[in-house]
Amino acid sequence: MELKAKRTLVKSAPELWELADDLARMEAWMGGLVGKPSPLAVEVIHRDPERVLAWRSTEPGTFARIAIELAESGFGTAVRITAQHSRPDAQEAIAALEDLLDELGSPERRSYLSP
């Protein structure tokens, strides 16, 4: 099943790319898409910096793929997510994509103290 979600976020494409191009996040998002409580191993299948990032699950017996597209849009960046999965409950998969967008759009908390 293929699902799509989109949202304009008040962040630049480089900021969003820094968040998205992170293996641990990709694995966690993949786990959320397929309904697993833990991250799933993934392989990046397309990387066009600050524009397109796509990855797929490498877990045996799990078919899933996520692609994120970034494009400048007014005062922010349009984020379009396309996901393919074999999860029977589409509503939970849609919720996982919305959670992914929420995470990308949330303010980063950075410490101003020296380590």
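The table for this structure:
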item	result
Residue identified as on the phi < 0 side of the Ramachandran plot and not in a strand (DSSP E or B) among Trp55, Trp29	Trp29
Count of residues meeting criterion [hydrophobic (A, V, I, L, M, F, W, C) and not in a strand (DSSP E or B)] in region 58-102	10
Sole exception among (1) more than 16 Å from Thr77 (Cα to Cα); (2) in a helix (DSSP H, G or I) for Trp17, by number	(1)
Residue match in region 103-115 (condition: part of a helix (DSSP H, G or I) and either surrounded by 15 or more Cβ atoms within 10 Å (Cβ to Cβ) or modelled with pLDDT of 95 or more (or both))	yes
Trp17 being within 18 Å of Ala93 (Cβ to Cβ) and among the aromatic types (Phe, Trp, Tyr)	no
Given (1) crowded, with 19+ Cβ neighbours inside 10 Å; (2) out of contact with any strand residue (DSSP E or B) (no Cβ under 7 Å at 6 or more places or on another chain); (3) under 12 Å from Leu104 (Cβ atoms), index of the condition Glu15 fails	(1)
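The values are calculated or read from the model by the stated rules, or taken from the named source; none is laboratory data. Remember, it's a predicted structure, so these values are computed and weren't measured experimentally. We place every Cβ from the backbone using ideal geometry, glycine too, and count neighbours over all the protein chains shown.
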